[in-house]
Amino acid sequence: DAGVIQSPRHEVTEMGQEVTLRCKPISGHDYLFWYRQTMMRGLELLIYFNNNVPIDDSGMPEDRFSAKMPNASFSTLKIQPSEPRDSAVYFCASSKPPGLGRPAEQFFGPGTRLTVL
Amino acid sequence: GQQLNQSPQSMFIQEGEDVSMNCTSSSIFNTWLWYKQDPGEGPVLLIALYKAGELTSNGRLTAQFGITRKDSFLNISASIPSDVGIYFCAGQPNSGGSNYKLTFGKGTLLTVNP
């Protein structure tokens, strides 16, 4: 089975540009999570969705960040405008619904390494 | 928010040695999970624990859910070079309902010398 797919794997952009990160969760998983990983702060949850609906976005750093999940197989995380302090690795993870498995068991994608110059 | 204290931060061991790392929290968790992250990749789930006192093995890995529900440890026996990586603990808070957020520790960097 295909795992969580993220694109692009690497993104280098200049300050002020818009950045869009993409994620395809594992088929049948109806929870989707976006994380940011930095050396200083470790893995931080930004937002998560259940059945395409945002449930908790308390980790989104500021209004420059937005996330959408238009359907069960696709989600985006957008940063506009980007800043150098947004440089990090961004991970998407998904998990099964309670009826089919254990939602706490999250499966991670390979990540997108974002560098903002 | 909840904090997880993971220790040690790093370990340098010889191949064949056993390894132990742990996580503690000031809050109760319903679930403890252990992940491993290789360079350039996402974390991979190793073991999930759901009951206080539970002891679970996955090959050479053994993890336990602390009785107080505020801690967990991971042991790796007879380490091999491919065990190198960063190990993370993660906990699901006891906040009830369908909150499946995880809190992650800062990780333990394991280096194995052949």
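Every read-out reported here was derived from the displayed coordinates using simple, explicitly stated rules and does not represent laboratory data. The structure displayed is predicted, hence computed values, not measured ones. Here the Cβ positions follow ideal geometry from the backbone for every residue, glycine too, while neighbour counts run over all protein chains shown.
Couple of notes before you dig in:
- Taken about its Cα centre, the protein assembly as shown carries a charge dipole of roughly 340 debye when the Cβ of each Lys and Arg holds +1 and the Cβ of each Asp and Glu holds -1.
- On the beta carbon distance between A:E44 and B:N113, with R0 = 45 Å, the FRET formula returns roughly 0.90.
- In terms of its C-alpha gyration tensor, chain B comes out prolate, because a/c is 1.5 or above and the ratio a/b outweighs b/c.
- The range A:1-109: GluC sites (Glu not before Pro) in DSSP coil with no more than 13 other Cβ atoms inside 10 Å: A:E14, A:E18, A:E62
- Using a cutoff of 8 angstrom between alpha carbon atoms and counting only pairs six or more residues apart, the relative contact order for chain B works out to 36 percent.
- Ranked by the mean number of other Cβ atoms within 10 Å of their residues, highest first, the peptides A:49-55, B:103-109 come out as B:103-109, A:49-55.
- Sorting B:17-29, B:46-58 by average packing, meaning the other beta carbons within 10 Å per residue, from highest down gives B:17-29, B:46-58.
- Exposure proxy for A:M39, A:M69, B:M11, A:M15: other Cβ atoms within 10 Å of each Cβ, ordered fewest to most, give A:M39, A:M15, B:M11, A:M69.
- Listed residue (A:M69, A:M15, A:C92) projecting farthest to the positive dipole end of chain A, Cβ model: A:C92
- The range A:10-95 - percent relative contact order, Cα under 8 Å, separation 6 or more: 41 percent
- The alpha carbons of the protein assembly as shown give a radius of gyration and a Dmax of 17.6, 51 Å, in that order.
- Shielding by partners - mean other protein chain Cβ count within 10 Å, residues of B:40-47: 6
- Rounded to the nearest 20 debye, the dipole magnitude of chain B is 480 debye, with +1 charges on Lys and Arg beta carbons, -1 on Asp and Glu beta carbons, and the Cα centre as origin.
- Note on the range A:6-47 and the range B:42-114: Cα centroid distance 23 Å, given to the nearest whole angstrom.
- Tensor-based shape of the range A:19-105 (alpha-carbon gyration tensor, a/c under 1.5 rounded, otherwise prolate or oblate): prolate
- Cleavage-rule hits, trypsin sites (Lys or Arg not before Pro), the range A:5-65, DSSP coil, Cβ neighbours within 10 Å at most 15: A:R9, A:R41, A:R64
- Out-of-range pairs (alpha-carbon distance over 27 Å; input A:K96/B:K70; A:K24/B:K51; A:K24/B:K101; B:K70/B:K101): A:K24/B:K51
- Summing charges over neighbours of B:S7, with a neighbour being any other residue whose Cβ is under 12 Å away from its Cβ, gives 0 when K and R count +1 and D and E count -1.
- Sites B:A78 and B:Q3 - FRET efficiency at Förster radius 30 Å, r taken between beta-carbons, to 0.05: 0.40
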